[in-house]
Amino acid sequence: MVNIENLTFGYKRKGLLFDDLSMHLSSGRIYGLFGKNGAGKTTLLKHIAGLLFPKKGSCMVFDEHAASRKPGVLADLFVIPEEFDLPGISLDAFIAINSPFFPKFDKLQMSQYMEEFQVKNGQKLNTLSYGQKKKFLIAFGLAANTRLLLMDEPTNGLDIPSKSQFRRTIASSANENRCVLISTHQVRDLGNIIDQVTIIDEGKIIFDQSIEAISNKFVFGKIKDEDEHDVVYSEDILGGKAAICYNKGKYSEVDMELLFNAVTNYPEKINNEFKK
């Protein structure tokens, strides 16, 4: 669905951000793109959306160059940016104006998603809070039923109940024809909804593994004494240590924040574990 090969890109006066970066996204999966602020997450999403152009290499979406922005590609791709402006029109007017650009848009689904996110109709978009605007855009993006959905920091501006609803809604909307790429530095917010963890740091993909592979390799939890466990990485917490240990037949949920910290601090060590 998305094939990035040897992409090189940099902004003027800042040197190269990406140098020979490659990445591949498949349908039927939800990807979590993690990284610190300034790591290049938004820039990568803009390349996939055809809003930025590689200096070298290629970025292909549906076997077309993303930069060509062909109508057939754009009709099957929706982007929810971190920063946006919405016009001072009603929610219904926005839907009526923009939904025809997406042939698979489902009005019934849109109503259901708005109800789930508690976004009430009959208001103008510019009168909504930032969080309500974000939930409206998420609902629209899901109802568009595009094969590729790009989300940049979608949980920014959402309160705790809304973040929980976001996770449930994204999980329930997943299907074998859709690829979802969620970019965030708030790694905890994605919980257990993603299939693949991709971490970018200093313009490079430093980790790219499925949740299944991570769960088969490691267990995550709280320990009191490292000497009693086969520890790969640990952090001091109240009452002990949060640790990543080798999996010896016991499974646990992946602690996204702990994994992220382990990878960004010791990328070579963590990646080498998947080569064994």
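Listed values, structure above:
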read-out: Test: A242 is modelled with pLDDT of 95 or more, touching a helix residue (DSSP H, G or I) at 6+ places or on another chain (Cβ under 8 Å) and surrounded by 16 or more Cβ atoms within 10 Å (Cβ to Cβ); value: no
read-out: Evaluation of T43 against (1) free of Cβ contacts under 8 Å to residues at least 40 places away in the same chain; (2) exposed (fewer than 15 other Cβ atoms within 10 Å of the Cβ); (3) closer than 22 Å to I199 by Cβ (one fails), failing number; value: (2)
read-out: Test result for S183, loosely packed, with under 15 Cβ neighbours inside 10 Å, closer than 30 Å to Q118 by Cα and either in the same structural domain as I48 (by TED's automatic domain parsing) or at pLDDT below 95 (or both); value: no
read-out: All positions within the stretch 5-18 that are in contact with a Ser or Thr (Cβ under 9 Å, 6 or more places away or on another chain) and closer than 22 Å to D63 by Cα; value: E5, N6, L7, F9, F18
read-out: Identity of the residue in the stretch 1-14, over 22 Å from H185 (Cβ atoms) and loosely packed, with under 13 Cβ neighbours inside 10 Å, that ends up modelled with the lowest pLDDT; value: R13
read-out: Residue that is surrounded by the most Cβ atoms within 10 Å (Cβ to Cβ) [pool: residues in the stretch 195-224 that are hydroxyl-bearing (S, T, Y) and free of Cβ contacts under 8 Å to residues at least 60 places away in the same chain]; value: S215
read-out: The stretch 98-115, residues that are over 17 Å from T146 (Cα atoms) and exposed (fewer than 14 other Cβ atoms within 10 Å of the Cβ); value: E115
read-out: Evaluation of F78 against (1) under 24 Å from S172 (Cα atoms); (2) touching a helix residue (DSSP H, G or I) at 6+ places or on another chain (Cβ under 9 Å); (3) part of a loop (DSSP other than H, G, I, E, B) (one fails), failing number; value: (3)
read-out: Failed condition for P161, given (1) surrounded by fewer than 21 Cβ atoms within 10 Å (Cβ to Cβ); (2) within 15 Å of the chain's Cα centre (by Cα); (3) more than 30 Å from E273 (Cα to Cα); (4) not polar (S, T, N, Q); value: (2)
read-out: Restricting the stretch 245-276 to residues that are under 23 Å from the mean Cα position of the chain (by Cα) and of a type in the set (S, T, Y), the residue that is surrounded by the most Cβ atoms within 10 Å (Cβ to Cβ); value: T264
read-out: Residue under evaluation G72, criteria (1) over 21 Å from E176 (Cα atoms); (2) more than 22 Å from the chain's Cα centre (by Cα); (3) without any contact (Cβ under 8 Å) to a residue 24 or more places away in the chain, criterion not met; value: (1)
read-out: Pair list, Cβ < 7 Å and 6+ apart or interchain, from the stretch 108-122 residues that are farther than 12 Å from K135 by Cα to residues that are surrounded by fewer than 19 Cβ atoms within 10 Å (Cβ to Cβ); value: N121/D92
read-out: Which numbered condition V254 misses (of (1) closer than 29 Å to T8 by Cβ; (2) outside the structural domain of L25 (by TED's automatic domain parsing); (3) in a loop (DSSP other than H, G, I, E, B)); value: (1)
read-out: Of the criteria (1) under 28 Å from E153 (Cβ atoms); (2) touching a strand residue (DSSP E or B) at 6+ places or on another chain (Cβ under 7 Å); (3) free of Cβ contacts under 8 Å to residues at least 40 places away in the same chain, which one A243 fails; value: (1)
read-out: Some residue of the stretch 160-180 being in contact with a strand residue (DSSP E or B) (Cβ under 9 Å, 6 or more places away or on another chain), modelled with pLDDT of 95 or more and part of a strand (DSSP E or B); value: yes
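The values are calculated or read from the model by the stated rules, or taken from the named source; none is laboratory data. Values in this document were obtained by computation on a predicted structure and should not be read as measured data. Here the Cβ is made from the backbone with ideal geometry for all residues, glycine too, and neighbour counts use every protein chain on show.
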